[in-house]
Amino acid sequence: LPVGDAQNSAVTNTLTKLAKLDPQTAWNDAVQLSGNNNGQAEMSVINAWSANQPAQAAAALGDIPAGDNLNTATTNVAKNWLNQDPTAAAQWINTLPQGTARDDAVTQLVSTVGKSDPASALTWAISISDPATRNTQVVNLLNQWSGGNATAAATAAQNAMSSLDGLSSTQQAILQNIVNKATAP
């Protein structure tokens, strides 16, 4: 095929299908590509690979330079791994260096375990390094938690407030409502 979108699409589709059969070979081919197709092929292969072998796909993330592609790939691996084995995924996420990629993975973790284990999810949410992302995740989680256990959510909200900087007035109001909801007669 001539160089262009059709070729890029064909290569990406082929590597994605290969990733389901032989992910390591598909990955090796994807990282050897040059030009604009490289990132698209890598993302497709990592996503397909992590759907079946998330630990191996996670190990391959070291081949991706820091930036948007690494953040996206890390998020995809985290999401797929959390759906298969949340404990192993959490252990892996805990090894990631602080930064956007880890924050995105933690956001996936909070979303996945927030309903079943909000206390653990809160600990993870507070560990997010970006203040805006941390505040959003903590407030959303506490708000969700308050629907099921208002007292526990209120206690957690009071404790979490000291870990949160730069809350918007809306976020402050939500947290105050969570506390008030638990203390109302």
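Excluding ligands, DNA and RNA, what is the solvent-accessible area per residue of the chain at a probe of 1.4 Å, expressed in Å²? Intermediate results must be reported in sequence, preceding the final value.
Working: 9500 Å² over 185 residues.
I get 51 Å² per residue for the chain.
Going Cα to Cα from residue 17, which lysines come in below 24 Å? Please leave out same-chain ones fewer than 8 positions away.
The reachable lysines, counting only those whose Cα sits under 24 Å from residue 17, are 79.
Mind running the shape call on region 29-118? Use the C-alpha gyration tensor, a ≥ b ≥ c as the square roots of the eigenvalues: rounded below 1.5 for a/c, prolate if a/b tops b/c, oblate otherwise. Before the final figure, lay out the partial values.
Details: a/c = 2.31, a/b = 1.79, b/c = 1.29.
Prolate is the answer for region 29-118, as a/c is 1.5 or above and a/b outweighs b/c.
Expected output is a single nm value to one decimal: the length gained when fully extending between residue 5 and residue 55, i.e. 0.36 nm times separation in residues minus the C-alpha distance. What is it?
On the way: separation 50, 0.36 × 50 = 18.00 nm, distance 3.14 nm.
Stretched fully, the residue 5-residue 55 segment lengthens by 14.9 nm.
About its Cα centre, how strong a charge dipole does region 80-137 have in debye, to the nearest 20, once Lys and Arg get +1 and Asp and Glu get -1 at the Cβ?
Values: 3 positive and 5 negative charges, 16 e Å.
Approximately 80 debye in magnitude.
Once the piece of chain linking residue 98 and residue 144 is laid out straight, how much longer is it, given 0.36 nm per residue of separation minus the C-alpha distance between them?
14.0 nm
Applying 1/(1 + (r/R0)^6) with R0 = 35 Å to the Cβ-Cβ distance of residue 68 and residue 169, what FRET efficiency is obtained, to the nearest 0.05? Please list the in-between numbers first.
Details: r = 31 Å, r/R0 = 0.89.
Once the sixth-power term is evaluated, E becomes 0.65.
At 1.4 Å probe size, with the rest of the protein present, what percent of the exposed accessible area of the chain is carbon and sulfur atoms? Walk me through the intermediate numbers first.
Values: 4620 of 9500 Å².
In the chain, the share of accessible area belonging to carbon and sulfur is 49 percent.
For the chain, what does the helix formula give at 222 nm: sum of -39500 (n - 2.57) over DSSP H segments with n ≥ 4, over the residue count, nearest 500 deg cm²/dmol?
Details: 11 runs with 144 residues, N = 185.
Taken over the chain, the calculation gives -24500 deg cm²/dmol.
What percent do you get for the relative contact order of the chain when only Cα pairs under 8 Å and 6+ apart count? Write down the numbers at each step before the final one.
Details: 215 pairs, mean separation 22.3, N = 185.
Rounded, it is 12 percent for the chain.
For log10 I(q)/I(0) by the Debye sum over Cα atoms at q = 0.13, 0.14, 0.17 Å⁻¹, which listed value, (1) -0.71, -0.82, -1.17; (2) -0.64, -0.74, -1.13; (3) -0.71, -0.78, -0.97, comes from the coordinates shown?
(3)
7 Å from Cα along Cα→Cβ at both residue 119 and residue 155: what's the point-to-point distance in nm?
It is 0.8 nm.
Between residue 20 and residue 83, take the C-beta separation as r, use R0 = 22 Å, and let me know the FRET efficiency to the nearest 0.05.
On the way: r = 17 Å, r/R0 = 0.76.
So, using R0 = 22 Å, E works out to roughly 0.85.
How high is the relative contact order of region 128-185, in percent, with contacts defined as C-alpha pairs under 8 Å that are six or more residues apart? All intermediate terms of the calculation are to be shown ahead of the outcome.
Numbers: 50 pairs, mean separation 25.8, N = 58.
This gives 45 percent for region 128-185.
Please turn the phi angles of region 145-157 into ³J(HN,Hα) values with the Karplus equation 6.51 cos²θ - 1.76 cosθ + 1.60 (θ = phi - 60°), one per residue in order, whole Hz, x for glycine and proline.
Going residue by residue, I get 4, 5, x, x, 8, 4, 5, 5, 5, 5, 4, 5, 5 Hz, with x marking Gly and Pro.
The values are calculated or read from the model by the stated rules, or taken from the named source; none is laboratory data. Computed from a predicted structure; not experimentally measured. Every residue, glycine among them, receives a Cβ derived from its backbone with ideal geometry; neighbour counts consider all protein chains shown. Remember, those area values only see protein heavy atoms, side chains included, never the ligands or the DNA or RNA. Shrake-Rupley method; radii C 1.70, N 1.55, O 1.52, S 1.80 Å.
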